[in-house]
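Report on the structure given below.
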Amino acid sequence: GTVVISGVTIINGSVISHGGGIRSWAADLTLINVEVISNAAGINGGGVYVYAGSATLNGTRVYHNAATTDGGGLYLASVGTIAATNGCIVFNSDTAVQRGNGTLSATDNWWGRKKPGDTEILGPVPAA
């Protein structure tokens, strides 16, 4: 089935492995107007980690998340899809969005570098 999360803030989560804020495993996940803030993962996917499923993010803000390895904001492992539109993906750790073997589509989002003091702010980006 599909899990729909709408209008909430997921903040200050911390795990030693994957998915500090949200960890979706072989499921269909929809996030609508959700904030994923200041979460941390010891390996991948500080904000959102998706494995062998799908995630649709609409109007979702993913910021100030960190992962030790990859995907500070979003991490897609194995096969699966992430589609992020009309959101904000900023101030996450290095490699803010990481894709394994799946499909990642990110359009009309506001993008930014790893910390607020950086001068290389990008966005909105029409397609990725």
task: Take residue 128 and decide whether it is at pLDDT below 85, part of a loop (DSSP other than H, G, I, E, B) and either hydrophobic (A, V, I, L, M, F, W, C) or on the phi > 0 side of the Ramachandran plot (or both).
output: yes
field: Among residues of segment 65-104, those that are part of a loop (DSSP other than H, G, I, E, B) and buried (at least 22 other Cβ atoms within 10 Å of the Cβ), counted
entry: 9
From the options 54, 38, 24, residue that is surrounded by 17 or more Cβ atoms within 10 Å (Cβ to Cβ), under 14 Å from the mean Cα position of the chain (by Cα), over 21 Å from residue 104 (Cα atoms) and not charged (D, E, K, R): 38
statement: residue 30 meets each of (1) surrounded by fewer than 16 Cβ atoms within 10 Å (Cβ to Cβ); (2) among the polar types (S, T, N, Q); (3) over 15 Å from residue 75 (Cβ atoms) with one exception, condition (1)
query: Which ones in segment 1-50 are among the polar types (S, T, N, Q) and not in a loop (DSSP other than H, G, I, E, B)?
result: 2, 6, 9, 14, 24, 30, 44
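The values are calculated or read from the model by the stated rules, or taken from the named source; none is laboratory data. Since we're looking at a predicted model, the values are computed, not measured. Here the Cβ is made from the backbone with ideal geometry for all residues, glycine too, and neighbour counts use every protein chain on show.
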